[in-house]
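**Student:** Quick one: the structure is below, and I'll ask about it shortly.
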Amino acid sequence: MVRQRLTVLGATGSIGVSTLDVVARHSDCFDIVALTGHQRIDQLAAQCKAHRPRFAVAGTLAGAQELTQRLGAEAEGITILHGPEALVTVAAMAETDTVMAAIVGAAGLPPTLAAASAGKRILLANKEALVMAGPVFMAEVHRSGAVLLPIDSEHNAIFQSLPSQYDGDMARSGVRRILLTASGGPFRTTPLADLSAVTPEQACAHPKWVMGRKISVDSATMMNKGLEVIEAHWLFNAAADDIQVVIHPQSVIHSLVQYVDGSVLAQLGNPDMRTPIAHALAYPERMESGVASLDLFQVAQLNFEKPDFARFPCLALAYQALRSGGNAPAVLNAANEEAVAAFLDRRLAFMAISDVVARTLAAIPFQPVTDLPAVLQADLAAREFARKTIEAAEHPAAA
Ligand code: NAD
Ligand code: MG
């Protein structure tokens, strides 16, 4: 494998840690150019000691100072930066070939887009960036010749199940439909009446995957699957009607592609993000990931269900936003980020997350999005409206 110079945005998160785990198994294949982390500076320091990046980026000046202090003499040779502009710098710099985009949420958009504009090989975990800015992002990828490799397990599975020469034309490739699998999260069978009282701890206890808190809540509401429908639309140029969500509680089939001749191709594996990460890092080759082989005898059964849109209104809202286009996906994402943060903070009930998103989508007027400022404007307007809606929900008597 050709040696790659790799930047990991969001190195201290769940995906970041899994990425460095795979990288550590193949130290002859990678030079770490930059590692970034927002808050967990102790962890970022440990990663810097182990991987010796040329640049490290903390969230704030205080974080950068703490990092320098924690590294002591080992800071030698590492340029320590901080803040959102430094993220853009390390994502786009000439020293790097490959960027793992693993920051969570809208904060990941500017550096991920900068990597796209700079024509990097992008390993995309940060689905929110693509959801918010789909048309802008894809235009930059096509203009610069950037290579976009999906890390989200479903999209990685679809990528692996599509023809290798797939160019975004489903009809020409004989593709009829994309089937996006979903575990259904921790509340797939919880009585509806009990959902209003669920806690952040319950929502984050995903039955199959260990992930960051935000995506765990998104999995519990199935907004995660909604964001993934929009992500699939942009990655594979598939219309909303050609992307079907299938609940598959075992999380063994990571997604499927149906062809016009009746064939269905799928990718299977144990639910461990190191598989899609290793696939994208090594693509078009293959490398060991540390993931155990799938034992089909132990799996024994594969089940499938239709998603219940009444139980999971966020999924319906995401389809609605995709069909509306323009700023609607950015509004959906921003309102959801605010609502999930409020839920994790115990300021909003679980079932109110979809209400906040629905009201925000209805309130913010349609605008086309043709550039980053338009996307950020939609994001800001939606956050303001969502915050007010959340406050009103917190103090119902005062509303
Ligand atoms: P996480 O919360 O574990 O980690 C998030 C990372 O982003 C951390 O390194 C954190 O320091 C950084 N970060 C957070 N806020 C930031 C900010 N304002 N500025 C700069 N950096 C910031 O999240 P995760 O589970 O690793 O998810 C990362 C992304 O990957 C998300 O977009 C998620 O949807 C996607 N994803 C994750 C999984 C998974 O299994 N964890 C699977 C598929 C897709
Ligand atoms: Mg996924």
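**Student:** Out of the total accessible area of segment 257-358 (probe 1.4 Å, heavy atoms of protein only), what percent is carbon and sulfur?
**Tutor:** Ligands and nucleic acids excluded, carbon and sulfur give 52 percent.
**Student:** Using the heavy atoms of the protein chains and a 1.4 angstrom probe, tell me the accessible area per residue for segment 4-150 in square angstrom.
**Tutor:** With all protein chains present, segment 4-150 gives 37 Å² per residue.
**Student:** Distances over 19 Å make up what percent of all Cα-Cα pairs in segment 223-274? Write down the numbers at each step before the final one.
**Tutor:** On the way: 449 of 1326 pairs.
Every Cα pair in segment 223-274 considered, those over 19 Å come to 34 percent.
**Student:** Further, regarding this structure: Divide by every residue of the chain the summed helix terms, -39500 (n - 2.57) for each DSSP H run of at least 4, and state the resulting mean residue ellipticity at 222 nm, rounded to the nearest 500 deg cm²/dmol.
**Tutor:** -14000 deg cm²/dmol
**Student:** Next up: For the pair A73 and D194, what calculated FRET efficiency results from E = 1/(1 + (r/R0)^6), where r is the Cβ-Cβ distance and R0 = 45 Å, to the nearest 0.05?
**Tutor:** The computed FRET efficiency comes out at 0.25.
**Student:** To the nearest 20 debye, what charge dipole does the chain have about its Cα centre, counting +1 at the Cβ of each Lys and Arg and -1 at the Cβ of each Asp and Glu?
**Tutor:** Values: 31 positive and 39 negative charges, 14 e Å.
Its charge dipole is roughly 60 debye.
**Student:** If you don't mind, there's one more thing I want to ask. Positive end of the charge dipole of segment 325-394 (Lys, Arg +1 and Asp, Glu -1 on Cβ, about the Cα centre): tell me which of F350, L332, A386 has its Cα farthest that way.
**Tutor:** Farthest towards the positive end: F350.
**Student:** Which FRET efficiency, nearest 0.05, do V260 and V2 yield, Cβ-Cβ r, R0 35 Å?
**Tutor:** E(calc), rounded to 0.05, equals 0.45.
**Student:** Below 17 Å, Cα to Cα, which aspartates and glutamates can K120 reach? Residues fewer than 8 away in the same chain don't count.
**Tutor:** Those aspartates and glutamates meeting the cut-off are D31, E95, D97, E140.
**Student:** Give the accessible surface of segment 325-394 per residue, rounded to a whole number of Å², with probe radius 1.4 Å and ligands, DNA and RNA excluded.
**Tutor:** 44 Å²
**Student:** Carbon and sulfur: what percent of segment 4-150's accessible surface (1.4 Å probe)?
**Tutor:** Within segment 4-150, the accessible surface is 53 percent carbon and sulfur.
**Student:** I've got another one for you. Expected output is a single nm value to one decimal: the length gained when fully extending between R213 and Q298, i.e. 0.36 nm times separation in residues minus the C-alpha distance. What is it?
**Tutor:** Extra length from R213 to Q298 when fully extended: 27.7 nm.
**Student:** For segment 325-394, place one equal point scatterer on every Cα, skip the solvent, and apply the Debye formula. What is log10 of I(q)/I(0) at q = 0.13, 0.21, 0.27, 0.29 Å⁻¹?
**Tutor:** -0.32, -0.74, -1.10, -1.23
**Student:** Output needed: percent of Cα pairs per 20 Å distance bin for the chain, bins running from 0 to the one holding the longest distance.
**Tutor:** Per 20 Å bin, starting at 0, the Cα pair percentages come out as 28, 60, 12, 0.
**Student:** What are the residues whose amide H is under 5 Å from the amide H of L148, where those residues sit 5 or more places off or on another chain and H is modelled from the backbone?
**Tutor:** I122
The values are calculated or read from the model by the stated rules, or taken from the named source; none is laboratory data. Quantities reported herein were computed from a predicted structural model and do not represent experimental measurements. Here Cβ is always computed from backbone atoms with ideal geometry, including for glycine, and neighbour counts include all displayed protein chains. Surface accessibility is based on the protein's heavy atoms, side chains included, excluding ligands, DNA and RNA. Shrake-Rupley method; radii C 1.70, N 1.55, O 1.52, S 1.80 Å.
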